[in-house]
Amino acid sequence: MLPLPLLRWEAPHQLVDLVRLAAEPGARLIAGGTDLVPSMKHRIFRPALLVSTRRVAELRAVAVAADGACSLGAALTLQEVAAHPHVRTAFPALAAACRTVATPTIQHMGTLGGNLMLDTRCMYYNQPAGWRSALGGCLKCEGTLCHVAPRGTGCYAAHSADTVPVLMLLGATARFVTVAGETCVPVAELYTDDGRDGPKLPTGAVLVAVELPPPSRPVVYRKLRQRGAIDYALLLTAVAPAPEGWEAVISAVGPRPVLVSAATRPALIDAVYQAVQPLPTHQQSSTWRKRMLRVEVGRALAALPD
């Protein structure tokens, strides 16, 4: 069993204390820990301080407005989000996305906020320290070369957070608190084109809640993976009607989710195929994953009402 590095642990009960601790040098927030703890054991992250979000009541709150808008606390577990009556009724695609994360055990621990903040993934990066060192490390972690694209200048580790494609199409925003105050960022604007970068957050920011506007259109979500549980996605697909046609968000193909729009359903399938290029960050063939784009978008569109 791989041990954790030595560190300091804090679990405050008040949001003000959580924000203060999160701003300390070397601090890192931990919610469910289902992704962070294995990465720490692999020595990908070596925080001096872990600050738990689980005891702060504000981060576990749910508020539903009369018009159907909803605020979901960032520390709610994926299981709690998927089971919430309003989410199941008004935002069924979000409930479906929460239910596809790993296994029920992981869904019981992992949180909605943790899924939004999920680190990008790559078969050269998410490995024990000894495995990485045998390759000279990688650009994202103690190395100088991206093994996915050795001639490139960036990191191509893939964004693979199950809930994000759905949240983007729902128009969700993420509400953060820092020592300087509160700020809201559209979920669609959180991610960058370089896999080395995490979500674009102010220093020391604490994700407090995910804000969903009133439901206005149906969204269909699909996850392609090697097995029916446990595995991270080979493709994540969410589709919805738009004011002037149709929209899709595709993820698990590169450092950020890709938003594509088109006037008709057949045109959307073609547009996604042209716009999205899966990268060899997974064991499975990127050529096969490219071909599956048409299949997954077509199946998602078929599940939408006419």
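In table form, for the structure just shown:
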quantity	calculated
Pairwise centroid distance, computed over Cα atoms, of the range 130-203 with the range 217-268, Å	19
The range 104-228 - percent relative contact order, Cα under 8 Å, separation 6 or more	24
Least to most buried among HIS147, HIS108 (fewest other Cβ within 10 Å first)	HIS108, HIS147
The range 219-306: relative contact order in percent, alpha carbon pairs under 8 Å with at least 6 residues between	26
Of ALA66, ALA157, ALA82, the one that fluctuates the most in a GNM where the chain has Cα springs shorter than 10 Å	ALA66
Those residues of the range 77-119 whose amide nitrogen sits under 13 Å from the label point placed on ALA149, 7 Å along Cα→Cβ	none
Label-zone membership for the range 11-33, site ARG46, 7 angstrom Cα→C-beta point, backbone N under 17 Å	25-28
Point-to-point label distance, THR183-GLU142, nm (Cα→Cβ direction, 7 Å offset)	3.2
Top of ALA275, ALA172, ALA95 by mean-square fluctuation, Gaussian network on the chain, Cα under 10 Å	ALA275
Average Cα contact separation per residue, the chain, under 8 Å, 6 or more apart, as relative contact order %	16
Residues of type lysines that LYS200 reaches as a straight line, Cα spacing below 22 Å, ignoring anything fewer than 8 places off in the same chain	LYS140
Helix-derived mean residue ellipticity, 222 nm - over the chain, DSSP H n ≥ 4, -39500 (n - 2.57), to 500	-7500 deg cm²/dmol
The chain: most fluctuating residue of VAL37, VAL87, VAL239 per GNM, C-alpha cutoff 10 Å	VAL37
Shape category assigned to the chain from the gyration tensor of Cα positions, a/c cut at 1.5	oblate
Residues listed by number, the range 256-273, amide nitrogen under 14 Å from ALA303 label point at 7 Å toward C-beta	none
Computed E for TRP131/SER286 - FRET, C-beta separation, R0 25 angstrom, nearest 0.05	0.70
Other-chain or far-sequence residues with amide H under 5 Å of ALA242's (modelled H)	GLU247
Simple label model, 7 Å out from Cα along Cβ direction - GLU24 to ALA275, nm	4.4
Neighbour-count order for SER251, SER261, fewest beta carbons within 10 angstrom listed first	SER261, SER251
Cβ-based exposure ranking for PHE91, PHE45, in which fewest neighbours within 10 Å come first	PHE45, PHE91
18 Å Cα-Cα reach of LYS41 towards aspartates and glutamates, excluding residues that sit fewer than 8 places from it in its own chain	ASP119, GLU142
Rounded if a/c under 1.5, otherwise prolate or oblate - the range 219-306, Cα gyration tensor axes	prolate
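Readers should treat all values here as calculations from the given coordinates under stated rules, not as data from a laboratory. The shown structure was predicted, so the numbers you read here are calculated from the model rather than taken from an experiment. We place every Cβ from the backbone using ideal geometry, glycine too, and count neighbours over all the protein chains shown.
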